[in-house]
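The structure under discussion appears below in the form of structure tokens.
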There are 2 protein chains.
Amino acid sequence: MKLKDLAAELGLSQTTVSRALNGFPEVNEATRQRVSEAARRLGYRANVSARRLATGRSGAIGVTLPLQRSLHFGPHTSEFLSGISERMAQHDIDIVVTPIDADDEVPVFRRLVASKRVDALVLSAPTPNDERIAALTELGMPFLMHGRADNVKIPHAWLDIDNEGAFRRATSHLLDLGHTRIAMINGPEDQTFAIHRLRGFRSAIEARGLTPDPQLIGGGRFTDENGFRLAQAFLERRPRPTAFLAGSMMTALGVFRAIRLAGLELGKDVSMIAHDDVFPYLNADNMVPSMSTTRSSIRAAGARIAELLLQMQDGKPPESIHELWPVELVLRESTGPAPR
Amino acid sequence: MKLKDLAAELGLSQTTVSRALNGFPEVNEATRQRVSEAARRLGYRANVSARRLATGRSGAIGVTLPLQRSLHFGPHTSEFLSGISERMAQHDIDIVVTPIDADDEVPVFRRLVASKRVDALVLSAPTPNDERIAALTELGMPFLMHGRADNVKIPHAWLDIDNEGAFRRATSHLLDLGHTRIAMINGPEDQTFAIHRLRGFRSAIEARGLTPDPQLIGGGRFTDENGFRLAQAFLERRPRPTAFLAGSMMTALGVFRAIRLAGLELGKDVSMIAHDDVFPYLNADNMVPSMSTTRSSIRAAGARIAELLLQMQDGKPPESIHELWPVELVLRESTGPAPR
DNA sequence: TTTGGTTTTCAAATCGCTTTGAATGCAGCA
DNA sequence: TGCTGCATTCAAAGCGATTTGAAAACCAAA
């Protein structure tokens, strides 16, 4: 069932049918009714390839998935993707996932652009001098960055959470509780979000006239293994840290284990605040003790990014899109006064 | 830069250029060289929409993501997707993610088919009488099922792991160690994989002339919360279970906590074997104690499914594609002899 | 009954590729 | 020289939509 058939069926021209279905004003209302009724009845759906060719828009947005980067396709990505696709599905826009090696990013972009496969891209996990921004700008491919690339002057759209503020507040809170030896288990150190978090951590400590101990700062991938190793190493130092900040729930699980293995009690001997991206299957509230977190739903960010991309397609200038989301600090049982 | 331009640049017809680039045999080798060199130099890439329209193939495969089903878009899905897309990227085939509500599956399928958006679909999380198989078969949309739908007679392609065998072996092993009160924390009970696991569990117990205790069997979503709740309830029973089977690493984390909270030691007072889909960020080997698992990489399954879909596109009949993967049983520290 | 101005509809061009069926060039052979 | 056969190349016709520019239909006013 193609447009031609439908038009013949109705005794109308393709033009009119096309316009009726796409909501053009110059179609008689009675005709429009008749057309859309027939389309529904006969199960007509425009062939997307044909439409895309004719309109020049692909009707799809690409989500790049860093494969070799320090930040892998992990649970964050899946929540994020889920947020995006839920929103886009309502607009009949496809989400095309594009795995991408850090090595040959630019060639892949070039191909994406040349083949007109997607109308826009969502980038994730920026580094401070992210080269992708210049590359895509030059290629004329609209994109939205999830996160921020600090040192890039080229105007572009981004949405980020206030990582610096979140970790500053979390650290401040620990300081308020009397903790002075606070360990930081950060994300991959080349990523801006990790840099921002470290900055927040540092500034909170320095605001009290203290100096962060570089020996208590670690980073790396968000795996429980990494959290465990770092925490264990930190706990061996004397005097030992009395509080931890963890960059993700995954590393937090590892820290959890290390604390227990050292015979310490979380929330009493040692405190911890972890960043929570809000995974439906790993709930900070249900842990024992429940986990204090800096919380920001990555799924919600995905949904909002989808929304913003739609606005960009409707002409909203990318340089006007800068969203910095506040992050909640949720205090639960894993934080308590510093032991003395 | 389109085909026409490239052809003009070379002083050749579009036909020849197209054929040269697509590897047709009737093109002079020298010409082919010249064409592909020029294409590379000028950065020519065929417009996918145009190609798709001309060939009638969309060059994309759809991966449906169950949204409202008992099995959500979770960490499994993201690993799986990653496996598929890695493989497909080499073939210039797009992965389109299609979130889908259990309610209106068939209409969505109908739309997908009518709009020729994807050439094939990957389905996940089948139930025993999965209606999607009949729907897609009727619509003529090729698909590959990840998992099996027990009671559906319609021939179709599937790839599954031997859930029943895995849990039979795991249970047998626990019985060998002297455990008789074994608790089962299964996945969502309407899913075939969970049904198969339960069957394996039961048959291993019955093979020893014992009877599984229905009070020690639970199911539900793969969240740590669910694992925790079920394990805690089971541990309150007297005599208490001495061993646990967990359907995923997420539930295993919850069970872990419940065991600890009950003041018991894993690997000594209580044993546990969990199913491990092999997440890069949550390693059974690194847990303390390390976790015995039934292991099968869901990412590898994704990659293989991509491979099989490619073969289907080359004409391999779907009904000839049935792969049942064996599952490893990896023994680590979380399993030990039953306390006496 | 014209006329001028809206609505409403239409035929044909277009998007950029693939593919069909025909044409061309060239070598070998009588 | 003329003919056959093979290897190459080409012009033109799709693919199924959108969109342009023109025509038809309608209506109210002159």
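Remarks
- Boolean, A:Arg240 is in contact (Cβ under 8 Å) with a residue 12 or more places away in the chain, farther than 30 Å from B:Met250 by Cβ, under 22 Å from the mean Cα position of the chain (by Cα) and not assigned by TED's automatic domain parsing to the domain that holds A:Pro75: no
- Index of the failed condition, B:Phe193 passing every other in (1) modelled with pLDDT of 95 or more; (2) of a type outside the set (Ser, Thr, Tyr); (3) farther than 30 Å from A:Ser58 by Cβ; (4) surrounded by fewer than 22 Cβ atoms within 10 Å (Cβ to Cβ): (4)
- Selection status of A:Leu245, within 24 Å of A:Ile161 (Cβ to Cβ), under 25 Å from the mean Cα position of the chain (by Cα), in a helix (DSSP H, G or I) and at pLDDT 95 or above: no
- Inter-residue pairs, beta-carbon under 9 Å, first away from every other protein chain (no Cβ under 14 Å) and in the stretch B:1-29, second hydrophobic (A, V, I, L, M, F, W, C) and near DNA strand D (Cβ under 6 Å from one of its atoms), 6+ apart: B:Thr16/B:Val27; B:Arg19/B:Val27; B:Ala20/B:Leu12; B:Ala20/B:Val27
- Residue within the stretch B:254-265 that is within 14 Å of chain A (Cβ to nearest Cβ), in contact with a His (Cβ under 7 Å, 6 or more places away or on another chain), under 24 Å from B:His173 (Cα atoms) and in a helix (DSSP H, G or I) present: no
- Selection from the stretch A:43-55 of residues that are loosely packed, with under 14 Cβ neighbours inside 10 Å and more than 6 Å from DNA strand D (Cβ to nearest atom): A:Gly43
- Just so you know, in the stretch B:5-20 the residues that are within 24 Å of A:Phe109 (Cβ to Cβ) and surrounded by fewer than 18 Cβ atoms within 10 Å (Cβ to Cβ) include one that is nearest to DNA strand D (Cβ to nearest atom), and it is B:Glu9.
- The numbered conditions (1) in contact (Cβ under 8 Å) with a residue 24 or more places away in the chain; (2) closer than 13 Å to B:Arg181 by Cα; (3) assigned to a helix (DSSP H, G or I); (4) basic (Lys, Arg) are all true for B:Arg202 except (1).
- Number of positions in the stretch A:91-127 that are within 12 Å of another protein chain (Cβ to nearest Cβ), farther than 18 Å from A:Gly140 by Cα and small (Gly, Ala, Ser): 0
- Residue within the stretch B:76-88 that is within 16 Å of DNA strand D (Cβ to nearest atom), among the polar types (S, T, N, Q), without any contact (Cβ under 8 Å) to a residue 40 or more places away in the chain and not in a loop (DSSP other than H, G, I, E, B) present: no
- In the stretch A:21-34, the residues that are away from DNA strand D (no atom under 11 Å from the Cβ) and not in a loop (DSSP other than H, G, I, E, B): A:Glu29, A:Ala30, A:Thr31, A:Arg32, A:Gln33, A:Arg34
- Applying the criterion of being surrounded by fewer than 22 Cβ atoms within 10 Å (Cβ to Cβ) and facing another protein chain (nearest Cβ under 8 Å) to the residues of the stretch A:75-90, the residue that is modelled with the highest pLDDT is A:Glu86.
- In the stretch A:17-51, the qualifying residues are those that are within 27 Å of B:Thr55 (Cα to Cα) and β-branched (Val, Ile, Thr), and the one that is farthest from DNA strand C (Cβ to nearest atom) is A:Val48.
- Residue list for the stretch A:266-300, filter: closer than 30 Å to A:Met88 by Cβ, among the hydroxyl-bearing types (Ser, Thr, Tyr) and part of a loop (DSSP other than H, G, I, E, B): A:Tyr281, A:Ser296, A:Ser297
- Within the stretch B:197-227, if we keep just the residues that are within 14 Å of chain A (Cβ to nearest Cβ) and acidic (Asp, Glu), the residue that is farthest from B:Arg295 (Cα to Cα) turns out to be B:Glu225.
- Qualifying residue in the stretch A:120-140 (condition: within 16 Å of DNA strand C (Cβ to nearest atom) and part of a loop (DSSP other than H, G, I, E, B)): yes
- Evaluated against (1) more than 18 Å from A:Lys116 (Cα to Cα); (2) more than 12 Å from DNA strand D (Cβ to nearest atom); (3) not charged (D, E, K, R), B:Ala39 falls short on exactly one condition, (1).
The values are calculated or read from the model by the stated rules, or taken from the named source; none is laboratory data. Source: prediction; values computed, not measured. Backbone-built Cβ (ideal geometry, glycine too); neighbour counts: all protein chains shown.
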